[in-house]
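The values are calculated or read from the model by the stated rules, or taken from the named source; none is laboratory data. Owing to the predicted nature of the structure, the values given are computational and were not obtained by experimental measurement. Backbone-built Cβ (ideal geometry, glycine too); neighbour counts: all protein chains shown. These accessible areas exclude ligands, DNA and RNA; they are computed on the full protein's heavy atoms, side chains included. Shrake-Rupley method; radii C 1.70, N 1.55, O 1.52, S 1.80 Å.
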Amino acid sequence: MTTVREAPGASALAGARRARGRRAKAAPVKPPRHPPSLVRRLVVLHLVLSAAVLLAGGFALSAFFAERATATFDDRLAEDVIDLVSGTSVDDAGTVAAPTLTDPRTGYAYSGKYWELVTPVGANGVKAIEHSRSLWDAPDFALPPGGAATMAAAAGKPVFYNGLGPAATNAPPAAPGAPIHEVPVRIAAEEVRITGAKDPIVFLVAEDRTPIDRNIRAFELSIALALVVLLAMLIAGVVLQVRVGLQPLFLLRREVAAVRTGRMDRVIGDYPAELEPLASELNALVAHNQDVVERQRTHVGNLAHALKTPLTVMAAEAEARPGPLAEVVGRQAELMREQVDHHLRRARAAARPQGGGERAAVAPVLEELSLTLERIFRGKGVEVDWRAPDDLFFHGERQDLLELAGNVMENACKWCKARVRVDARVTAPARLTLTVEDDGPGLAAEDRQEVLRRGARLDETAPGSGLGLSIVDELARAYGGGLDLADSTLGGLKATLTLPQVDA
């Protein structure tokens, strides 16, 4: 015959048990939720705003530097144009005599500094009159966009524009007619009418702008590196600022967690004005929940007294009047008492706030149960070997731990040959497991789920109502854990309880 894994209602453990009603269905496993971080949100917002401001500032600084560097460059070219105009003369025959600029670079071929005198031809064409030695045989410089019309409109004033000119090689081409490497140049052009000249003369001064472009790029690189360093410093500063500024919020979270785990009764921190109302409301909520729980427990106690008293009277009357009917009444009264206990415990479990502040040391409970069970089963020489750390705490009521461990350990003592092994330890964050093994006959795998049903009894000859392991399973599930049955290395059954754990 298949043995029954069901604990009888021993009177020595009657005060340490609580039933739980029908078995609760396992809740579907939800994927872990990753809520958005307030710190991350503030840092990212500051990063985006700072990056936008610094980027705009970097572009503005670069543009301002380029504009000022170019303006300084243009001022030098304008002075050269003035020197060129002031030294130019026209003789009686209309021949233009151009001076030599004081800049010695204009005397070297392809030195990077050039001047040229031209007269406009048509809308955009030019006719060369004279040019510096440095220009050698390079093509004439083009007029600014708009050509002769632009020069005529700005007569007497320099016009600055970009063009192409020979690269500064400081040497003439290796062979006549060899291609000339052209680079961007900055050109200043001014149209002037000189007495004796038939046509207006355009004075052109050009210089290789590679140095100025190099300086602009170097400045842009420097400002970019500086802005990146500044952005990193700003981000580090805002992270520190947010951490310090939100420290009261982090403290409130820790205190709420301490209230939930039972290390504190209420939130007691000194919080700023923005968080003080929240802390007060949390304390009021905790007090309200405690008051509701106490009222529910009082109602449950009153209901227990109101139901058990008539059942006790019925059982007493049946015992006082022996007979077949009295025997039936006595058995049914006892069964009704156990059913009432079961549903009252279930009601009490429903009244318990989830995540309350209760906690109970595991080691003293196992020691108490072991001594009690060894006395009860002294006749078969049961030895209970239990192990539990002194700093292991169950996150819940001590009476519930007594009932959970007591039912499973008593069941093991009932069906063991002589040995029961109990081990409690932390197996995961905020989780402990209580493993109870025996050296009894064990239980077939197909029967293990059956014995967890409320009222299920595989052996009708054994005493009990079939509620013990069902109560254990349901109570463990009420705490977010469960009861698992498997084969023991001792040869019998291994019952593993998973329960919430709280730090000391």
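Data overview
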{"quantity": "Heavy-atom accessible area order for Ser280, Ser86, Ser470, largest first, 1.4 Å probe", "calculated": "Ser86, Ser280, Ser470"}
{"quantity": "Gyration tensor (Cα) of region 122-173, equivalent ellipsoid semi-axes in angstrom", "calculated": "24, 12, 10"}
{"quantity": "Rounded if a/c under 1.5, otherwise prolate or oblate - region 226-329, Cα gyration tensor axes", "calculated": "prolate"}
{"quantity": "Probe 1.4 Å, protein heavy atoms only - accessible area per residue of region 286-346 in square angstrom", "calculated": "68 Å²"}
{"quantity": "Surface accessible to a 1.4 Å probe, Thr195 within the full protein complex, Å²", "calculated": "130 Å²"}
{"quantity": "Förster radius 41 Å - calculated FRET efficiency between Thr150 and Val53 (Cβ-Cβ, nearest 0.05)", "calculated": "0.55"}
{"quantity": "Three-way shape call for region 252-311 based on the alpha-carbon gyration tensor, with the a/c threshold at 1.5", "calculated": "prolate"}
{"quantity": "Added length on full extension, which subtracts the Cα-Cα distance from 0.36 nm per residue, Ser280 to Lys417", "calculated": "43.6 nm"}
{"quantity": "Ala326/Arg425 FRET efficiency (R0 41 Å; Cβ-Cβ; nearest 0.05)", "calculated": "0.25"}
{"quantity": "Positive minus negative residues near Asp391 (Lys, Arg vs Asp, Glu; Cβ under 12 Å)", "calculated": "0"}
{"quantity": "Glu374-Arg295 FRET efficiency (beta carbon distance; Förster radius 60 Å; 0.05 resolution)", "calculated": "0.90"}
{"quantity": "Compactness of region 105-235, expressed as Rg and Dmax over alpha-carbon positions, Å", "calculated": "19.1, 70"}
{"quantity": "Extended-chain gain in nm, criterion 0.36 nm per residue less alpha-carbon gap, Asp75 and Leu246", "calculated": "56.0 nm"}
{"quantity": "Residue-count net charge about Pro248 - beta-carbon cut-off 14 Å; Lys, Arg +1, Asp, Glu -1", "calculated": "-1"}
